[in-house]
Structure formats: C-alpha cells, structure tokens
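> My questions will all concern the structure given below.
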Amino acid sequence: MTPFTTLRAVAAPLPIANISTDDIFPGPGATGLPAGMSFSDPAKMGPNAFAVMRWNADGSPRPDFILNRSPWDTAQIIVARDNFGCGSSREHAVWCMAAIGMRCVIAPSFGDIFYGNCFKNGMLPVRLPVEQVERLLSLTAAPETATLNVDLTAQTVIDAGGGVHRFEVDAYRRDLLLNGLDEIEASLRAGPLIEAHDAAYCARRPWLRADTA
Amino acid sequence: MKGGNTTYDKIWDDHVVEELPDGTARLLIDRKLVYEAGSVQVFRGIRAAGRSIPNPERVLAVPDHVLPTHDRSPEALAGMPALLLEELERNSRDFGIEHIPLFDERQGIAHVVGPEQGFTLPGTTIVCHDSHTATHGAFGALAFGVGASEFEHIMVTQTLLQRRSDTMRIGFDGVAPAWIGGKDLILAAIGTIGARGGTGYAIEFAGEAIAALSMEGRMTMCNMAIEAGARVGLIAPDETTYRWLNGRPKAPKGAMWEQALAYWRTLPSGRDARFDREVLLDVSALAPQVTWGTSPEHVVGIDGRVPDPKDAGDAAQADAWTRALDYMGLAPGTAMADVAVSRVFIGSCTNSRIEDLRSAAAVLKGRKIADGVHAFVSPGSGLVKKQAEAEGLDRIFTEAGFEWRLPGCSMCFGGPFDSLKPGERCASTSNRNFENRQGRDGRTHLVSPAMAAAAAVTGRLADVRDYL
Ligand code: SF4
C-alpha cells in the first residue's frame, strides 16, 4: 500500500450532507454499463467515480460539477458535509476515488464502513468539527485558496488562509498509513495468539465447532 | 478496557483476542458469509498473496446480488452473472467453502439464508462484505458489515480489528397497533435519532414492542440499524429466538442445543446495564411510516405531509430538505397519501421473508393493482418462495397483477436487470431511498410490505389501515 505522510493538493468542495456510496460509485442501474467504466477492476474505476453527478446520461461531462472544473479537476482532496460515504460497504467507492487520484476526504462525520475502507487503500479520512469544515468549504471554493496541506505525522490540515486544524486518528491505523504497511501481514504475526484464543473459545462454545454445525 | 453488562459487551468480551496499545481490539470472528459480487477482489487478493483460509467450514457462500430475478436461462445469465457465479463456485471449491449454488432451493439473499439455515446463532460474531450484515443482530449476535479488504483480512486471520463502540438502547414502549411492524418501528427510530444518530454506536433494540415482535420483524429492524449509521444493531435473544432457531439445519441439536441454550440465556443485558445513550419511543399510536425524501431519516406517518424546508432545524438541514424535495419532485405540504406511484417492489433483505409476503398478500387478497402500476415481488430465498407457494400466496400476488419473481437482491439497488427509469416513483420495501439508488433519477419511498401492497392497489402511497 502507498504510504501517506503529507499531501499538498487542490481540494474540491462538495457542500452536501449524506453523500452516499451510491453517489460515489453508482450501480449499473444508474449508469448503465458504458464502455470505459469498470465494475470489477479497481484500477479502472476512475470513470465510475461520482458518475451521475459528473456525467450526463449521454456520457458528456456536466460542466457545473466541481470535479469537471479547473483547478478542481486536479483535486486530490474532497471536503464534504456530514455523513460522507454513508450507505453500503462497497469498497468500490474508495477504489474509484483513488483511481482519479484522491488521497484524502475531510468531513464532520463519515459512514462507518467507508471510513474503515479508506485506511485499507492509502486514503486518509479526516474528521473535523462542522465550523472548521464550513471554513474549508468556502476557502476551497475559490481557485486561489483551493489548496490544502494535510500532514498525517502532525495530524493537521493547514488551509490557504493560515488556519491550522488538528485532527484525531487511531494510532494503529495512523501507523499503518504512515508506513504503508500490509495489515494482514501484521495480523498474521498474532497467529499463535489467535489460535490459542480460538481453541479456548471452541472448548467453551463447543456447539460452534464444525462437527456440530 | 471498559467492560459492561450489556448484550453487546458480553459478546464482545467473549471474542477479544488481544488489545492493542491504542485501545483497538482484535476480535475473533465466528461466521463469514460470502456472495458473488465483491468477493471477486477478496479471493483475488488471497490468491495473489499465496495465503490460505483457516477453518473454511465457518464460511458459507451464496450468490444473491447481480442475478436476474425474472429469468434464469443461460441467455439471461450470460455475461457478468455467469462469470461471477463461476468464480464463486471455483473459489468455494478451491478453498473448501460450503457453497449454495444458484439452482439449489436454499439459494437466496445471504441475510435471509444465514438465519434460515441456522448458520446465524446467538452470541456469535458474524461478518459479510455487505453493509446489511447488521440483520443477523436480531439473534443476539454481533454482526458487522465490512468492505472487501477488511473481509479479506478476516478470512485470512479470523479476526477483525475494531474499537469497542459506545452503546445505545432504543426502547419501544407500548403495544404496536395493527399493521405496524418492524419496518415502521425502525423507520420511526431513524426519524427520531437521524441517519447518523447511531454513528459509532452499537444499538440494542428493546422494550415491550420488541418482546412482542416476530424474528422476521426483528431482522427487518436490525437490518436497517446501518441506515442510522450504527456499527451494530442487535436484539437480545429470548424464547422467540430459540423457537425460531430450533431444528434449523445448522443449529445445534440434542445435548449441544441444551448447552447452547443455557449460555444464550445469559446474554440479555442485565437489569443494571448502563448504556451510553438511551432513547425511548412510544409506539402505541404509531402510524405506518413512509419516507418522503432521499435519506431514511426523511420519514413521516402516512397521514402526514411533506415537510417545508422553512421548518428545518438549521440551514444545513433546510439545504438537504430542499435538495431532497427537488430530487423527489415533491412540493412542501403535499399529503403523503396524495403521492402517485407507478412502481412497487416487495423484496430485499429488509422485507422478503415469509411473514412479509403474508402481510402483503393479506392486503392483496381479492384485489387488483391499479392501472399503470408495475409491481413485482421477489422472495428472499428459494425456501421462502416454496413456503409461500405452499400457502398459495403466489396466486394471490399474481391474481392481483404482481409478477412473482425468483430470489435475489433484485430491484433493491440499481443492479443490471431491474431499475427505475428517470422520474419513476416506487413504493419499495427495501432499505435505501438514496438518490439514484434504484436507478438514475428514480424516486424511492420506503414502506412496509403491507403498505407497498396498499400502494399497488391504489396507485398512490396509501394508508394500509384503510384495508383492514
Ligand atoms: S437486498 Fe439490497 S440491501 Fe440487501 S444485500 Fe441485497 S443489495 Fe444489499
């Protein structure tokens, strides 16, 4: 996994609450199955990202959508309102964002599963209080103040107006991101511990063992 | 480590393998459900790293998402479904996982099949790479919906890394009136706490109305706990749970059943249990619930009206309501019962079980659906379908003008086979009314199966209580 340490990039404001995984990665019933979109290969999911907001039904870009406008067409950060990524567990939502170069999402709150999915893909979800997110939404809406600095080591977001916003993140997840570690590899080191616990657990709850299941 | 006397805490503590320095716990996971879409990447990852899946007998695979429900001929399955089905079969075989194939009568939506087979049991931890895994919490289990990478981690390591959640108890006081079921209770609860009211919480549903509720109704409720943002939704097991489970194919038998039962009886939250948040709802006068907007929190009684953004709590909410009304093509103040629908969908892991079909059929018996309405019903599993046919429900549906479909996720989400056309308005028993969820520019109103049937008959959102 690509490590995440610091990022200086254009941020695209999406001042909408409850942006769901159906918005981020619409199902084929919403987009059809046009050539160019992929529903199975994460690296090819770029065109799927925000497809209904981003493309007209005929596949042409919607000029009013922020990611179709300069300088936000180069954005690597999204700033949004409450409950970003609510809805389904489809990791496609993170994959398609990564495929268009996104590395970070800033919002007051996130859908829980989406939040976890981000860390698995080198994407940093940042929770900030509503007032600070509103400030970032208005700053990044202007081209000249659209750039943000995100520093995972210092756990800060610095905006173009000089505002410094500190955020919290679990130490374990932070370490994985900072070092680009493979979480499965790390967990496999706990193998003996897991096996011992499982043996004791199965003895305690014998009806769950395979031969009785 | 906090510890506690709630059902959630008891099951949590039973599964903690270790705690990391930052407080993240490693939980042992007992049961894993796999379906065709989305598992492709999981198995690809496991193969690419040359890893194995320990204890594959704790995994059950069943296809449900990307399947046609109108036709299962080779022509209908050609392309993506066939490829995904083949891949699920191959992966199950190679890794020694039990697989219920498409043409097995037990096939259906994973969250219907797991409980039906007795694979879901009280006190266990269960995961699936699908957000509505929360359904299984109805049995007093910790059921987590996870993404593909997380699922891969669990398949290989048998564990999930997660922090202990805060706990919330939502108590439902009073006796639910006629026609009020799990769908109405959970929609009312989401309306009360909001679509992110449950974020970070494990929610326990409790109280008089829950004690009286069937397992089907409980599954409907826990299914939609995720729509309140909760990590876990659960209901403590009781006699209703045990009666429902006893004799299921994978449930323990004989002495093992007795031993399990003795343990399960220790799971309900203690009288002195402390929750981080308590919410109380009186359901004794609750009207059937219906959503008007694009979030499950946009909900009112069927006797209510579309709200006015002027009455919203703050600017952000007013903004969200305006956006929702625009998308839904509704004006503030419109009576919900005046809203015309042209599509009706009964199905999904929320409401496709036998009791759901019975309650819709009770409304439809001897009636016809309105002109211009296209309605279909997709039973949650082959076994539900068989049971319904044995009871003659299929004939009630088809004589009323419904299509009687095959089991699968069907029109719950905008899959490749069934979706709403732009502007089409649908009364749906599924769980998400998000923009474009059931098709581009489709408009979804979430309701119970009985309410969906009433809407089909009138061609409008209708009060099922008028059909008593
Ligand atoms: S029925 Fe709908 S919500 Fe349930 S698993 Fe299928 S797609 Fe997901």
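> Looking at (1) within 14 Å of another protein chain (Cβ to nearest Cβ); (2) open to solvent by less than 30 Å² (accessible area, probe 1.4 Å); (3) closer than 17 Å to A:Ala30 by Cα; (4) not aromatic (Phe, Trp, Tyr), can you tell me which one B:Arg425 breaks?
Condition (1) is where B:Arg425 drops out.
> Of all residues in segment B:435-468, count the ones that are in contact with a strand residue (DSSP E or B) (Cβ under 8 Å, 6 or more places away or on another chain), open to solvent by 10 Å² or more (accessible area, probe 1.4 Å) and facing chain A (nearest Cβ under 10 Å).
2
> Of the conditions (1) at pLDDT 95 or above; (2) within 16 Å of the ligand (Cβ to nearest atom), B:Gly38 clears all except one; give me its number.
Evaluating B:Gly38 over (1) at pLDDT 95 or above; (2) within 16 Å of the ligand (Cβ to nearest atom) leaves (1) as the failure.
> Quickly run through segment B:48-66 and pick out the residues that are away from chain A (no Cβ under 13 Å) and either among the basic types (Lys, Arg) or touching a Leu at 6+ places or on another chain (Cβ under 9 Å) (or both). Don't jump to the end; show me each part of the working.
Step one: of segment B:48-66, the residues away from chain A (no Cβ under 13 Å) are B:61-64.
Once the filter is applied, which keeps residues that are away from chain A (no Cβ under 13 Å) and either among the basic types (Lys, Arg) or touching a Leu at 6+ places or on another chain (Cβ under 9 Å) (or both), segment B:48-66 yields B:Ala61, B:Val62, B:Pro63.
> For B:Thr199, indicate whether it is of a type in the set (S, T, N, Q), away from the ligand (no atom under 16 Å from the Cβ) and either crowded, with 23+ Cβ neighbours inside 10 Å or part of a loop (DSSP other than H, G, I, E, B) (or both).
yes
> Kindly indicate whether any position in segment B:186-201 is more than 28 Å from B:Asn5 (Cβ to Cβ), outside the structural domain of B:Ser52 (by TED's automatic domain parsing), in contact with a Lys or Arg (Cβ under 7 Å, 6 or more places away or on another chain) and in contact (Cβ under 8 Å) with a residue 12 or more places away in the chain.
No: segment B:186-201 contains no residue that is more than 28 Å from B:Asn5 (Cβ to Cβ), outside the structural domain of B:Ser52 (by TED's automatic domain parsing), in contact with a Lys or Arg (Cβ under 7 Å, 6 or more places away or on another chain) and in contact (Cβ under 8 Å) with a residue 12 or more places away in the chain.
> When the residues of segment A:50-103 are filtered to those that are small (Gly, Ala, Ser), on the phi > 0 side of the Ramachandran plot and under 17 Å from the mean Cα position of the chain (by Cα), which remaining residue is farthest from the other protein chains (Cβ to nearest Cβ)?
A:Gly101
> On to the next question. Could you check segment B:341-352 and list, in sequence order, the residues that are open to solvent by less than 10 Å² (accessible area, probe 1.4 Å) and not hydrophobic (A, V, I, L, M, F, W, C)?
B:Gly347, B:Ser348, B:Thr350, B:Asn351, B:Ser352
> Is one or more of the residues making up segment B:302-315 basic (Lys, Arg), over 19 Å from B:Gly181 (Cβ atoms), within 21 Å of the chain's Cα centre (by Cα) and open to solvent by 10 Å² or more (accessible area, probe 1.4 Å)?
Keep residues of segment B:302-315 that are basic (Lys, Arg), which gives B:305, B:310.
Those still in the list that are over 19 Å from B:Gly181 (Cβ atoms) too: B:305, B:310.
So of that shortlist, the ones also within 21 Å of the chain's Cα centre (by Cα) come out as none.
No, there is no match, as no residue in segment B:302-315 is basic (Lys, Arg), over 19 Å from B:Gly181 (Cβ atoms), within 21 Å of the chain's Cα centre (by Cα) and open to solvent by 10 Å² or more (accessible area, probe 1.4 Å).
> Those residues that are assigned to a helix (DSSP H, G or I), hydrophobic (A, V, I, L, M, F, W, C) and surrounded by 22 or more Cβ atoms within 10 Å (Cβ to Cβ), I need them from segment B:12-53; list them, please.
Matches in segment B:12-53: B:Trp12, B:Val42, B:Phe43.
> If you take the residues in segment B:296-322 that are within 22 Å of A:Ser20 (Cα to Cα) and of a type in the set (Val, Ile, Thr), which one is nearest to the ligand (Cβ to nearest atom)?
B:Val299
> With the condition being within 16 Å of the ligand (Cβ to nearest atom) and touching a Pro at 6+ places or on another chain (Cβ under 6 Å), I'd like the helices (runs of 4 or more DSSP H) fully within segment B:54-132 carrying at least 1 qualifying residues. So that I can check it myself, show each step before the final result.
On the way: elements: B:74-77, B:80-95, B:110-116.
Those helices (runs of 4 or more DSSP H) span B:80-95.
> To continue, here is another question. Filter segment A:176-190 down to residues that are free of Cβ contacts under 8 Å to residues at least 24 places away in the same chain and either more than 14 Å from chain B (Cβ to nearest Cβ) or surrounded by 13 or more Cβ atoms within 10 Å (Cβ to Cβ) (or both), then give me how many there are. Steps first, answer last, please.
Taking segment A:176-190 first, the residues free of Cβ contacts under 8 Å to residues at least 24 places away in the same chain are A:184-190.
Those still in the list that are either more than 14 Å from chain B (Cβ to nearest Cβ) or surrounded by 13 or more Cβ atoms within 10 Å (Cβ to Cβ) (or both) too: A:184, A:186-188, A:190.
Adding up the residues that qualify gives 5.
> Kindly establish whether B:Arg432 is out of contact with any Cys (no Cβ under 6 Å at 6 or more places or on another chain), within 14 Å of another protein chain (Cβ to nearest Cβ), open to solvent by 10 Å² or more (accessible area, probe 1.4 Å) and not small (Gly, Ala, Ser).
Considered against the rule, which asks whether it is out of contact with any Cys (no Cβ under 6 Å at 6 or more places or on another chain), within 14 Å of another protein chain (Cβ to nearest Cβ), open to solvent by 10 Å² or more (accessible area, probe 1.4 Å) and not small (Gly, Ala, Ser), B:Arg432 comes out as no.
> State whether one or more residues within segment A:143-157 are in contact with a Gly (Cβ under 7 Å, 6 or more places away or on another chain) and either facing chain B (nearest Cβ under 8 Å) or within 30 Å of A:Pro15 (Cα to Cα) (or both). Steps first, answer last, please.
Taking segment A:143-157 first, the residues in contact with a Gly (Cβ under 7 Å, 6 or more places away or on another chain) are A:145.
Keeping just the survivors that are either facing chain B (nearest Cβ under 8 Å) or within 30 Å of A:Pro15 (Cα to Cα) (or both) gives A:145.
Within segment A:143-157, one or more residues are in contact with a Gly (Cβ under 7 Å, 6 or more places away or on another chain) and either facing chain B (nearest Cβ under 8 Å) or within 30 Å of A:Pro15 (Cα to Cα) (or both).
> I've got another one for you. How many residues are touching a Cys at 6+ places or on another chain (Cβ under 8 Å) and farther than 23 Å from B:Tyr242 by Cα when one looks only at segment B:72-129?
Qualifying residue count for the region: 0.
> Would you be able to say whether some residue in segment B:177-196 is touching a His at 6+ places or on another chain (Cβ under 7 Å) and either crowded, with 23+ Cβ neighbours inside 10 Å or part of a loop (DSSP other than H, G, I, E, B) (or both)? Steps first, answer last, please.
As a first pass, look at segment B:177-196 and keep what is touching a His at 6+ places or on another chain (Cβ under 7 Å): none.
Looking for residues that are touching a His at 6+ places or on another chain (Cβ under 7 Å) and either crowded, with 23+ Cβ neighbours inside 10 Å or part of a loop (DSSP other than H, G, I, E, B) (or both), one finds none in segment B:177-196, hence no.
> Name the single residue that is surrounded by the fewest Cβ atoms within 10 Å (Cβ to Cβ) among those in segment B:227-249 being hydrophobic (A, V, I, L, M, F, W, C) and within 14 Å of chain A (Cβ to nearest Cβ).
B:Leu245
> I'm trying to understand the selection: among the residues of segment A:3-30, which are within 14 Å of chain B (Cβ to nearest Cβ) and either of a type in the set (A, V, I, L, M) or open to solvent by 30 Å² or more (accessible area, probe 1.4 Å) (or both)?
Of everything in segment A:3-30, those that are within 14 Å of chain B (Cβ to nearest Cβ) and either of a type in the set (A, V, I, L, M) or open to solvent by 30 Å² or more (accessible area, probe 1.4 Å) (or both) turn out to be A:Leu14, A:Pro15, A:Ile16, A:Ala17, A:Asn18, A:Ile19, A:Ile24, A:Ala30.
> May I pose another question? With outside the structural domain of A:Leu14 (by TED's automatic domain parsing) and of a type in the set (A, V, I, L, M) as the only criterion, which of A:Ala146, A:Ala196 stands out? I'd like the intermediate steps shown before the answer.
Values: A:Ala146 fails: outside the structural domain of A:Leu14 (by TED's automatic domain parsing).
It is A:Ala196.
> Let me ask something else about it. Of all residues in segment A:142-172, count the ones that are charged (D, E, K, R), open to solvent by less than 50 Å² (accessible area, probe 1.4 Å) and part of a loop (DSSP other than H, G, I, E, B).
2
> Do you know which residues across segment B:127-178 are within 14 Å of another protein chain (Cβ to nearest Cβ) and hydroxyl-bearing (Ser, Thr, Tyr)?
Correct list: B:Ser131, B:Thr133, B:Thr135, B:Ser149, B:Thr157, B:Thr159, B:Ser165.
> Any residue in segment A:124-133 that is within 16 Å of the ligand (Cβ to nearest atom), assigned by TED's automatic domain parsing to the domain that holds A:Val10 and open to solvent by 10 Å² or more (accessible area, probe 1.4 Å)?
no
> Please specify each residue of segment B:250-286 satisfying the condition of being of a type outside the set (Gly, Ala, Ser), outside any helix (DSSP H, G or I) and open to solvent by 80 Å² or more (accessible area, probe 1.4 Å).
If we filter segment B:250-286 for residues that are of a type outside the set (Gly, Ala, Ser), which is where we start, we get B:250, B:252-253, B:256-259, B:261, B:263-268, B:271-272, B:274-283, B:286.
Pick out the ones that are also outside any helix (DSSP H, G or I) and you get B:250, B:252-253, B:265-268, B:271-272, B:274-283, B:286.
Selection gives B:Lys253, B:Arg265, B:Arg271, B:Asp272, B:Arg274, B:Asp276, B:Arg277, B:Glu278, B:Leu280, B:Asp282.
The values are calculated or read from the model by the stated rules, or taken from the named source; none is laboratory data. Fair warning: this is a prediction, and the values are worked out from it, not measured in the lab. Positions of Cβ are backbone-derived with ideal geometry, glycine not excepted, and every protein chain shown enters the neighbour counts. The accessibility values were calculated without ligands, DNA or RNA, using every heavy atom of the protein model including side chains. Shrake-Rupley method; radii C 1.70, N 1.55, O 1.52, S 1.80 Å.
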